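Participant: Have a look at this one.
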Amino acid sequence: MTSIDDAPGLAPKIFRFSDVDEFRSSIRGLNIEFTPFVRRIAAEQIVLQMPGCDVNVTRTFPRMLDGQLVANCTAIGFALDDLDVPIRFNGAQRDRAVVVIGSSGAAYNTIEEVQRQIAFLVFRPEITDRGWPETKLNFRIVETSVPALHRLRRVVAEVVAAASVPIDPAEVPLKASAMKESLLGAVDGAFENLVPARWTVRPNDERHFRTFQDIRALLSDDVAQPIYSEEIARKLGLSVRTLHDIVRRYRGMSLHRYLRLRRLWLVRKRLLAGADSVKAAALAFGFWHLSDFSKSYRDQFGESPSETLERGRKD
């Protein structure tokens, strides 16, 4: 990981990551938990912090991510690129001009199958007086007009570029205030030009998202133990088929594949922390067939578990 953090005034901070093990989010107010689909990455975060507003531009990597806002803030997210592989957001995957919004504690889930360029605007305190879509438990996804999205993208690019130009410290408050107002105006435009879209009903359904969060919580209690679909379904009052459908919708894969991928990532983190042994780390997360585990681990991360452990002990 490298960073640029010595420029004066409004200059944004830039963080670059080439190793997924070193990646961490620098977005204030947003807590994330991710599982990578690759090991080698070329990720970058540009973080511009202003009074009452942060601008965050991230070049991501293939991953599964769960995020949640802290209290008393509002976040606006959107893609800065147009690719044929759309992001799966809260169980929906559409190649459209979309904007997502969440406030104070709202959560979301994404699947990013390829590298993307994403912007997040985080406003403090929470925005309540501009007529923006209301959110509660989960982030809300809306479809806006293409011109409105392009304007929002353009304003973000212009703000980041302008902030990179050194200025007199005395001018910082006025310039930051003016840039924040431009961002608010661009977001207003996006929400004033919403496109009626039936496909947004399901990802915005709070009941469905709460069920997914309940499943996620049960799976996270002790991911090392055997997971029985029938037992989880019974605890949640669901049918087994409904359980599997919800997991596939929000995770983009079967329950079995998701758990295996998640456990492999947790083993890796344990090895990098200097585990007692590869065997102990594997068993701690439910891998008893060590030769099968080693093959899956190498396929996923491009190195053997013992190589990871050796690096972890050196660090």
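Participant: Only one of these conditions is not met by F191: (1) surrounded by fewer than 20 Cβ atoms within 10 Å (Cβ to Cβ); (2) within 22 Å of I27 (Cβ to Cβ); (3) touching a helix residue (DSSP H, G or I) at 6+ places or on another chain (Cβ under 8 Å). Which number is it?
Facilitator: Among (1) surrounded by fewer than 20 Cβ atoms within 10 Å (Cβ to Cβ); (2) within 22 Å of I27 (Cβ to Cβ); (3) touching a helix residue (DSSP H, G or I) at 6+ places or on another chain (Cβ under 8 Å), F191 violates only (3).
Every residue, every condition in (1) within 30 Å of P173 (Cα to Cα); (2) open to solvent by 20 Å² or more (accessible area, probe 1.4 Å); (3) among the hydrophobic types (A, V, I, L, M, F, W, C), yes or no:
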site: F17; (1), (2), (3): no, no, yes
site: E22; (1), (2), (3): no, yes, no
site: L30; (1), (2), (3): yes, no, yes
site: I46; (1), (2), (3): yes, yes, yes
site: T58; (1), (2), (3): yes, no, no
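Participant: Take the residues in segment 64-77 that are of a type outside the set (S, T, Y) and crowded, with 21+ Cβ neighbours inside 10 Å; name whichever of them is farthest from R202 (Cα to Cα).
Facilitator: C73
Participant: Something else about it: Just to be sure I understand the filter: pairs with C-beta atoms under 7 Å, separated by 6 or more residues or on different chains, first member in segment 135-148 and touching a residue at least 60 places away in the same chain (Cβ under 8 Å), second member open to solvent by 50 Å² or more (accessible area, probe 1.4 Å). Which pairs pass?
Facilitator: Filtered contacts from segment 135-148: K136/E206; L137/E206; L137/R210; N138/E206.
Participant: Looking only at segment 144-155, decide whether some residue is open to solvent by less than 30 Å² (accessible area, probe 1.4 Å), closer than 15 Å to L48 by Cβ and in contact with a strand residue (DSSP E or B) (Cβ under 6 Å, 6 or more places away or on another chain).
Facilitator: No, segment 144-155 contains no residue that is open to solvent by less than 30 Å² (accessible area, probe 1.4 Å), closer than 15 Å to L48 by Cβ and in contact with a strand residue (DSSP E or B) (Cβ under 6 Å, 6 or more places away or on another chain).
Participant: Here's a follow-up. Just checking, does segment 122-131 include any residue being open to solvent by 10 Å² or more (accessible area, probe 1.4 Å), closer than 27 Å to K175 by Cα and either assigned to a strand (DSSP E or B) or among the polar types (S, T, N, Q) (or both)?
Facilitator: So far as segment 122-131 goes, yes, one or more of its residues are open to solvent by 10 Å² or more (accessible area, probe 1.4 Å), closer than 27 Å to K175 by Cα and either assigned to a strand (DSSP E or B) or among the polar types (S, T, N, Q) (or both).
Participant: If you don't mind, there's one more thing I want to ask. Using the structure shown, decide if F191 is of a type in the set (F, W, Y) and assigned to a strand (DSSP E or B).
Facilitator: It is false that F191 is of a type in the set (F, W, Y) and assigned to a strand (DSSP E or B).
Participant: I need the strands (runs of 3 or more DSSP E) fully contained in segment 49-113, keeping only those with at least 3 residues that are more than 18 Å from I141 (Cβ to Cβ), out of contact with any Asp or Glu (no Cβ under 9 Å at 6 or more places or on another chain) and touching a residue at least 60 places away in the same chain (Cβ under 8 Å).
Facilitator: 53-59
Participant: I'd like to verify a number: residues in segment 34-44 that are surrounded by 13 or more Cβ atoms within 10 Å (Cβ to Cβ) and not in a loop (DSSP other than H, G, I, E, B), how many?
Facilitator: Within segment 34-44, the subset surrounded by 13 or more Cβ atoms within 10 Å (Cβ to Cβ) is 34-39, 41, 43-44.
After this cut, where a residue has to be not in a loop (DSSP other than H, G, I, E, B) as well, the list is 34-36, 41, 43-44.
So the answer is 6.
Participant: Looking at segment 212-228 only, could you name the residues that are open to solvent by 30 Å² or more (accessible area, probe 1.4 Å) and of a type outside the set (D, E, K, R)?
Facilitator: Correct list: Q213, A217, L218, S220, Q225, P226, I227, Y228.
Participant: If you check S164, S177, S182, which single one turns out to be open to solvent by 30 Å² or more (accessible area, probe 1.4 Å) and in contact with a helix residue (DSSP H, G or I) (Cβ under 6 Å, 6 or more places away or on another chain)? Walk me through it before giving the result.
Facilitator: Values: S164 fails: in contact with a helix residue (DSSP H, G or I) (Cβ under 6 Å, 6 or more places away or on another chain); S177 fails: in contact with a helix residue (DSSP H, G or I) (Cβ under 6 Å, 6 or more places away or on another chain).
One residue alone meets the criteria, S182.
Participant: Out of (1) open to solvent by 60 Å² or more (accessible area, probe 1.4 Å); (2) free of Cβ contacts under 8 Å to residues at least 60 places away in the same chain; (3) touching a strand residue (DSSP E or B) at 6+ places or on another chain (Cβ under 9 Å), the odd one out for R202 is which?
Facilitator: Just one mismatch for R202, condition (2).
Participant: Select from segment 205-233 the residues that are of a type outside the set (D, E, K, R), in a helix (DSSP H, G or I) and touching a residue at least 60 places away in the same chain (Cβ under 8 Å) and list them in ascending order.
Facilitator: Of everything in segment 205-233, those that are of a type outside the set (D, E, K, R), in a helix (DSSP H, G or I) and touching a residue at least 60 places away in the same chain (Cβ under 8 Å) turn out to be H208, F209, F212, Q213.
The values are calculated or read from the model by the stated rules, or taken from the named source; none is laboratory data. The shown structure was predicted, so the numbers you read here are calculated from the model rather than taken from an experiment. No Cβ is skipped: glycine too gets one built from the backbone with ideal geometry, and neighbour counts run over all protein chains shown. What goes into the accessible areas is simple: the full protein's heavy atoms, side chains included, and nothing from ligands, DNA or RNA. Shrake-Rupley method; radii C 1.70, N 1.55, O 1.52, S 1.80 Å.
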